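We did not get these values from a lab; they are worked out from the coordinates using the rules stated. Keep in mind that this is a model prediction, so the values were computed, not measured. Because the Cβ atoms are built from the backbone with ideal geometry, glycine has one as well, and the counts that use them run over all protein chains shown.
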Amino acid sequence: MVSQKVKGKPVALDGDRAVAEAIRQMNPDVVAAYPITPQTEIVMRFSEFVANGEVVTEFIPVESEHAAMSACIGASAAGGRAQTATAGAGLAFMWEVLWVASGTRLPIVMHVVNRSLSAPLNIHCDHSDSMGARDAGWIQLYDETVQEAYDNAIQALRIAEHPDIMLPTLHALDGFILGHGVERLELLPDDAVRSFIGIYEPQHPLLDVDHPVTYGPMVLTDYFFEYKRQQAAAMERALEIIPQIGEEYGTFTGRYYGLMEGYRLEDAEFATIALGSTAGTIKTVVDELRDQGVKAGLLKLRCFRPFPATILAEALGDKKAIAVLDRSLSFGAQGGPLFLEVITALFTHGLSPKVLNYAYGLGGRDIVPARIHQVYKDLIEIDREGLTESSIRYLGLRE
Amino acid sequence: MTLKTWTEILAGGLITDAGNSEEYETGSWRSHRPIIDMDRCTHCMICWIYCPDGSILVSDAKVTGIDLTHCKGCGICAHECPRKAISMVEEAVAKEGAQ
Ligand code: SF4
Ligand code: SF4
């Protein structure tokens with residue numbers, strides 16, 4: 001554990017390269033990955049570190065993402081630290097084995113560079129990929145900036161390996177917007193990262209032949225349900241532990257992390273909720289609106305799984321109107337995945353403010369400040385006049 | 001057997017009690033029972049190698065019989081035996097014969 005503030009090194013990197021640096025510093029035992037735009041740069045850069053002998057990692061250039069996750073599962077069960085990175089269709093191709101990783105309680109870390117799912121074929125950002133995996137038992141963090149992509153990559157390992165959690169953890173950075181966008185960030189010294197993550201001491205490593213253990217047996221009607229209940233409990237515990245790890249990370253970096261971040265939210269009358277890089281755009285708009293006397297605020301959700309329903313409801317309880325921005329569609333559902341979670345959180349906490357849902361940014365459609373202004377305008381209007389049209393809306397769509 | 005609650009079992013379905021699959025009586029799955037004709041058997045051990053359940057009983061380098069608690073009746077031994085010394089007999093018939 002690092003208790004003293006350490007001096008970071010300011011650099012300009014895109015999100016993919018920042019994540020590659022984080023993986024280099026974490027120096028995992030195994031990285032198994034398959035290239036896919038816009039993630040390729042992470043493993044491409046990381047494989048250079050491997051070739052240069054800068055890490056001890058066994059790098060496995062597998063034949064598919066299904067194999068990548070399977071190799072990580074094997075490596076993690078063996079007792080090693082295993083990581084991978086993917087995007088879009090690559091994550092979809094892992095779907096089956098995502099559940100094996102979480103059900104076997106393996107603390108694998110995955111870096112997801114968000115990309116839409118085909119068809120039509122599109123390589124740009126939306127959250128269909130990670131939202132598609134939202135029930136797979138993985139902890140999910142979302143990054144607003146390249147700095148956060150780097151910081152969350154490192155914290156993901158501590159979260160996953162926490163003995164009271166032991167769940168695979170992914171963090172998601174918006175494809176191209178963060179993945180290929182160059183930003184200023186501060187890299188920690190290697191030894192600070194290494195001392196933060198510590199030495200991994202697996203409880204039941206498969207390679208410990210003196211204490212033989214079986215991973216992945218068949219479990220039938222008598223016990224399967226009990227194992228699933230354990231996973232649910234681990235998620236509940238993660239709600240307590242993720243902010244503790246974020247606090248510890250803050251003590252030596254100065255950058256503190258919780259489950260969510262409120263931006264001018266406390267006294268806000270009109271709030272938006274968003275994941276990922278869009279939060280940055282919203283902050284700019286919130287500042288502009290505040291200058292005009294509009295009490296606008298933002299709730300940026302960092303942690304989507306587990307979903308921090310209580311603190312979210314507490315933060316939103318007194319708002320006049322709320323907009324939930326979803327960067328994916330759940331076809332046939334009553335709104336996007338984030339919207340459904342927010343509505344449930346409000347309802348179960350006895351709150352029923354006016355809430356709008358916006359689908360936006362699909363296939364990388366730009367979300368510009370003017371669009372966010374429109375959202376706050378809508379909120380002010382429904383507060384004044386009530387809801388006259390559908391609460392499910394499409395932002396930035398030609399109609 | 002009392003089943004444990006979700007707080008009493010090791011996470012992830014791990015089994016730390018090595019070899020406890022022995023406690024599972026796969027013999028109850030069997031519809032056909034392998035019967036060895038000891039007059040034909042040369043103790044070549046091919047059936048012992050092939051049996052997926054380790055159910056060929058061996059003592060002093062000689063095949064002595066079948067572990068019926070675990071033999072699930074797959075018939076692989078009978079198929080592989082080069083001496084055609086093993087026949088698969090319907091379980092009900094084999095039971096009658098044994099009585
Ligand atoms: S394979 Fe046939 S001959 Fe060989 S040991 Fe088995 S029963 Fe005997
Ligand atoms: S029938 Fe199958 S399980 Fe039984 S002894 Fe033969 S090979 Fe083994």
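General observations
- Residues whose amide H lies under 5 Å from that of B:L57, counting only those 5 or more places away or on a different chain, are B:T64, B:G65, B:I66, B:D67; hydrogens are built 1.01 Å from N in the peptide plane.
- For B:R33, residues with placed amide H under 5 Å, excluding near neighbours: B:V89, B:E90, B:E91
- Dipole-positive endmost among B:H70, A:I177, A:T310 within the protein assembly as shown (Cβ charges, Cα centre): A:I177
- Electrostatic dipole magnitude of the stretch A:9-253 [Cβ: Lys, Arg +1; Asp, Glu -1; Cα centre; debye, to 20]: 240
- Per-residue ³J(HN,Hα) for the stretch A:364-378, Karplus 6.51 cos²θ - 1.76 cosθ + 1.60, θ = phi - 60°, Hz, x for Gly and Pro: x, 4, 4, 10, 9, x, 4, 5, 5, 4, 4, 4, 5, 4, 4
- Interchain or long-range residues, amide H under 5 Å from A:E58's placed H: A:V30, A:V31
- Neighbour cut-off at most 10 other Cβ (10 Å), DSSP loop, chymotrypsin sites (Phe, Trp or Tyr not before Pro), the stretch A:320-380: A:F331
- Distance histogram in 5 Å bins (all Cα pairs of the stretch B:23-98, percent per bin): 3, 17, 30, 27, 16, 6, 1
- Candidate lysines for bridging to A:K228, where Cα separation is under 28 Å - those fewer than 8 sequence places away on the same chain excluded: B:K4
- Between the alpha-carbon centres of the stretch A:259-332 and the stretch B:7-45 there is a gap of 58 Å.
- Net charge of Cβ neighbours under 12 Å - reference B:E8; Lys, Arg +1; Asp, Glu -1: +1
- Vicinal HN-Hα couplings computed from phi for the stretch A:25-35 (Karplus, 6.51 cos²θ - 1.76 cosθ + 1.60; Hz; Gly/Pro x): 5, 6, 6, x, 5, 9, 10, 10, 8, 10, x
- Computed [θ] at 222 nm, helices only, for chain A once each DSSP H run of length n ≥ 4 contributes -39500 (n - 2.57): -13000 deg cm²/dmol
- Taking label points 7 Å from Cα along the Cα-to-Cβ direction, B:H79 and A:R194 give a separation of 5.4 nm.
- Cβ-placed point charges (K, R +1; D, E -1), dipole of the protein assembly as shown about Cα centre in debye, nearest 20: 640
- Estimated at 0.36 nm per residue, the fully extended path between B:A61 and B:M45 surpasses their Cα-Cα distance by 4.9 nm.
- With all pairs of separate Cα atoms included, chain A yields a Kirkwood hydrodynamic radius of 21.5 Å.
- Loop-located GluC sites (Glu not before Pro) in the stretch B:11-66, at most 16 other Cβ atoms within 10 Å (DSSP): B:E25
- Of all beta bridges that DSSP places with both ends in chain A, some 25 percent have antiparallel geometry.
- Residue order, fewest to most surrounding Cβ atoms within 10 angstrom, among A:T344, A:T40: A:T344, A:T40
- For the stretch A:1-138: relative contact order, % (alpha-carbon pairs under 8 angstrom, 6 or more apart): 22
- Of the residues A:I108, A:S328, A:P217, the one whose Cα sits farthest toward the positive end of the charge dipole of the protein assembly as shown, with +1 on the Cβ of Lys and Arg and -1 on the Cβ of Asp and Glu, is A:S328.
- Charging the Cβ of each Asp and Glu at -1 and of each Lys and Arg at +1, and nothing else, the dipole of the stretch A:173-275 about its Cα centre rounds to 200 debye.
- Each distinct pair of alpha carbons in the stretch A:27-162 adds a 1/r term; the inverse of their mean, the Kirkwood radius, is 14.9 Å.
- Fraction of antiparallel bridges per DSSP, the stretch A:260-395 only, in percent to nearest 5: 15
- Relative contact order (%) - the stretch A:145-256, alpha-carbon pairs under 8 angstrom, separation at least six: 32
- Applying 1/(1 + (r/R0)^6) with R0 = 22 Å to the Cβ-Cβ distance of B:E23 and A:F225 gives a FRET efficiency near 0.55.
- The stretch A:260-395: C-alpha gyration tensor shape, a/c 1.5 cut-off, then a/b vs b/c: rounded
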